[in-house]
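*Asks:* Okay, handing you the structure first.
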Amino acid sequence: MATCTTFEALSSFVWRARTESLQMKPDQKTKLLFSVDGRLRFEPQLPEGYSGNGIVLTGSICKTGEQVGNPLSFVMKLIHDTVKMIYKQEGQYKNIFHQFPKKKNIGYSHVGLNYETAVEGHHWRIITSAMSHISVLHLVFNMSALWSLGVVEQLGHMGLGAAYYLHYSLLLLVLSGLLVLGSYHVLINRFKFEYFRRVTAVGYSCVVFGWMTILSVKQPSSKLNLFGFLSLPISFAPFESLIFTSIIVPQASFLGHLSGILVGYSIAWGLINGMNNYWAVSMLGWIVIVFGISLKQSGAYDFQFLEIESVTDPSLPGNGRMLQMSSLLDADELV
């Protein structure tokens, strides 16, 4: 076989070494048991907030003579085929944009921003989480605020305008998502707040709060109109809205909104600047690349033409044997 994951290579090596050390008879059967992550593959989906195990126990089996008498790649292929069979049974390789909406009772947990899924390589969720919302009210609130913030496009004489709006909306989306994940990491690993492992953030609020903040600095005399009847001075809107949404919508992401505010101030005060058409297009290109690679690595979508971080390992039999690193099973354990 041309490629294999780190898990498959290491497991096949240890499995065969154990068989050889036991000096088993050629017709004796030997089995390798291991677990495959099934947390995002079960149908129906695991309930939100579930923090227990979510694995599928499977295994590979063969005769000792076949295992010892063939190249190591034979053992790797046994493990690889077993994993592939599990994924096919669980319907792993589905287009998240085409297939998920077809499911009944679909939850935002499939595309939302979550610390554990980010650690597993679901970096594409930084983008998809911003395009998803908990409820119609959540969507209406964000779109109403965004409509009011459209004044940014009319302020070209102040260095803002439509191009500025597009450039920095992209930057707000990405940096706010990264800041949320960074906050989760610190709270979980430094302060031991395990609760944030289970939090899933969705919504365009990070960008909305970012633009509130930018306007509060650039155009403090503006007003923010919500739902057509609630008008707030833009100079206080970021923190007023932060408190308001935390009270009215308790499940709203305080850290997500706060991240948008912090990035917004960084842009408004010139700490982050220099965005133009060139940098915006370049950034968009990198987002598309990282988005595609993370979809491949996380198993959310299988791009057949894409191979991730292939390196040569001379310790394996045959020159130029390839290992495909950072695969789905890197974190799985041999049992």
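The values are calculated or read from the model by the stated rules, or taken from the named source; none is laboratory data. Fair warning: this is a prediction, and the values are worked out from it, not measured in the lab. Methodologically, a virtual Cβ is constructed for each residue, glycine included, from the backbone with ideal geometry; neighbour enumeration extends over all protein chains shown.
For (1) surrounded by fewer than 19 Cβ atoms within 10 Å (Cβ to Cβ); (2) assigned to a loop (DSSP other than H, G, I, E, B); (3) outside the structural domain of Asp37 (by TED's automatic domain parsing); (4) modelled with pLDDT under 75, each residue gets a yes or a no:
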residue	(1), (2), (3), (4)
Thr117	no, no, yes, no
His123	no, yes, yes, no
Thr128	no, no, yes, no
Leu137	yes, no, yes, yes
Phe141	no, no, yes, no
Leu149	no, no, yes, no
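*Asks:* List the pairs whose first member sits in region 142-166 and is touching a residue at least 60 places away in the same chain (Cβ under 8 Å) and more than 18 Å from Tyr204 (Cα to Cα), whose second member is among the small types (Gly, Ala, Ser) and part of a helix (DSSP H, G or I), and whose Cβ atoms are under 7 Å apart, counting only residues at least 6 apart or on separate chains?
*Replies:* Pairs that qualify, where the first residue is touching a residue at least 60 places away in the same chain (Cβ under 8 Å) and more than 18 Å from Tyr204 (Cα to Cα) and the partner is among the small types (Gly, Ala, Ser) and part of a helix (DSSP H, G or I), are Leu155/Gly161.
*Asks:* Would a scan of region 208-217 turn up a residue that is under 30 Å from Met158 (Cβ atoms), aromatic (Phe, Trp, Tyr) and part of a helix (DSSP H, G or I)? Break it down stepwise before answering.
*Replies:* Looking only at region 208-217, we keep the residues that are under 30 Å from Met158 (Cβ atoms), and these are 208-217.
Narrowing further to those that are aromatic (Phe, Trp, Tyr): 209, 211.
With the extra rule that they be part of a helix (DSSP H, G or I), the set shrinks to 209, 211.
Checked against the condition, which is being under 30 Å from Met158 (Cβ atoms), aromatic (Phe, Trp, Tyr) and part of a helix (DSSP H, G or I), region 208-217 yields at least one hit.
*Asks:* Quick one: in region 11-31, which of the residues that are hydrophobic (A, V, I, L, M, F, W, C) and surrounded by 17 or more Cβ atoms within 10 Å (Cβ to Cβ) is modelled with the highest pLDDT? It would help to see each step written out before you state the result.
*Replies:* Just the residues of region 11-31 that are hydrophobic (A, V, I, L, M, F, W, C), to begin with: 13-15, 17, 22, 24.
Add one more test, that the residue is surrounded by 17 or more Cβ atoms within 10 Å (Cβ to Cβ), and what stays is 15, 24.
Working: Trp15: 91, Met24: 86.
If we take residues in region 11-31 being hydrophobic (A, V, I, L, M, F, W, C) and surrounded by 17 or more Cβ atoms within 10 Å (Cβ to Cβ), then Trp15 is modelled with the highest pLDDT.
*Asks:* Within region 1-37, work out how many residues are free of Cβ contacts under 8 Å to residues at least 12 places away in the same chain and touching a His at 6+ places or on another chain (Cβ under 6 Å).
*Replies:* The total comes to 0.
*Asks:* Filter region 267-291 for residues that are touching a residue at least 24 places away in the same chain (Cβ under 8 Å) and part of a helix (DSSP H, G or I) and give the result. Write out each step before concluding.
*Replies:* First, the residues of region 267-291 that are touching a residue at least 24 places away in the same chain (Cβ under 8 Å): 267-269, 272, 275-277, 279-280, 283-284, 287, 290-291.
Passing the criteria: Ile267, Ala268, Asn277, Trp279, Ala280, Met283, Leu284, Ile287, Val290, Phe291.
*Asks:* Still on this model: Go through Ser221, Ser216, Ser144, Ser169 for me and flag whichever is under 30 Å from Thr117 (Cα atoms) and not charged (D, E, K, R).
*Replies:* Values: Ser221 fails: under 30 Å from Thr117 (Cα atoms); Ser216 fails: under 30 Å from Thr117 (Cα atoms); Ser144 fails: under 30 Å from Thr117 (Cα atoms).
When all the criteria are applied, what remains is Ser169.
*Asks:* Does Lys25 qualify as being out of contact with any strand residue (DSSP E or B) (no Cβ under 6 Å at 6 or more places or on another chain), of a type outside the set (A, V, I, L, M, F, W, C) and either on the phi < 0 side of the Ramachandran plot or not assigned by TED's automatic domain parsing to the domain that holds His80 (or both)? Steps first, please.
*Replies:* Working: out of contact with any strand residue (DSSP E or B) (no Cβ under 6 Å at 6 or more places or on another chain): yes; of a type outside the set (A, V, I, L, M, F, W, C): yes; either on the phi < 0 side of the Ramachandran plot or not assigned by TED's automatic domain parsing to the domain that holds His80 (or both): yes.
Taking the combined requirement at face value, the residue satisfies it.
*Asks:* Still on this structure, please answer the following. Examine region 224-240 for a residue that is in a helix (DSSP H, G or I), within 27 Å of Gly274 (Cβ to Cβ), modelled with pLDDT of 85 or more and more than 28 Å from the chain's Cα centre (by Cα), and state whether such a residue exists. Outline the logic, then answer.
*Replies:* If we filter region 224-240 for residues that are in a helix (DSSP H, G or I), which is where we start, we get 237-240.
In the following step, the residues that additionally are within 27 Å of Gly274 (Cβ to Cβ) were identified as 237-238.
Narrowing further to those that are modelled with pLDDT of 85 or more: 238.
After this cut, where a residue has to be more than 28 Å from the chain's Cα centre (by Cα) as well, the list is none.
No, the conditions are met nowhere in region 224-240.
*Asks:* For residues that are touching a residue at least 40 places away in the same chain (Cβ under 8 Å) and surrounded by fewer than 17 Cβ atoms within 10 Å (Cβ to Cβ), scanning just region 171-185, find the one that is farthest from Ile272 (Cα to Cα). Steps first, answer last, please.
*Replies:* Residues of region 171-185 touching a residue at least 40 places away in the same chain (Cβ under 8 Å): 171-181, 183-185.
This time we only want the ones that are surrounded by fewer than 17 Cβ atoms within 10 Å (Cβ to Cβ), so: 178, 185.
Working: Leu178: 15, His185: 23 Å.
By that ranking, first place goes to His185.
*Asks:* Exactly one of these conditions fails for Leu155: (1) surrounded by 22 or more Cβ atoms within 10 Å (Cβ to Cβ); (2) touching a Gly at 6+ places or on another chain (Cβ under 8 Å). Give me its number.
*Replies:* Every listed condition holds for Leu155 apart from (1).
*Asks:* Let me ask another. With respect to Leu175, determine if the residue is in the same structural domain as Ala280 (by TED's automatic domain parsing), touching a helix residue (DSSP H, G or I) at 6+ places or on another chain (Cβ under 6 Å) and either within 30 Å of Pro47 (Cα to Cα) or not in a helix (DSSP H, G or I) (or both).
*Replies:* On the way: in the same structural domain as Ala280 (by TED's automatic domain parsing): yes; touching a helix residue (DSSP H, G or I) at 6+ places or on another chain (Cβ under 6 Å): yes; either within 30 Å of Pro47 (Cα to Cα) or not in a helix (DSSP H, G or I) (or both): yes.
So Leu175 passes the test.
*Asks:* For a quick check of your reading of the model, give me the residue pairs whose first member lies in region 227-247 and is outside the structural domain of Trp211 (by TED's automatic domain parsing), whose second is at pLDDT below 75 and surrounded by 18 or more Cβ atoms within 10 Å (Cβ to Cβ), with beta-carbon atoms closer than 9 Å and at least 6 apart or on different chains.
*Replies:* Correct list of pairs: empty, since none qualify.
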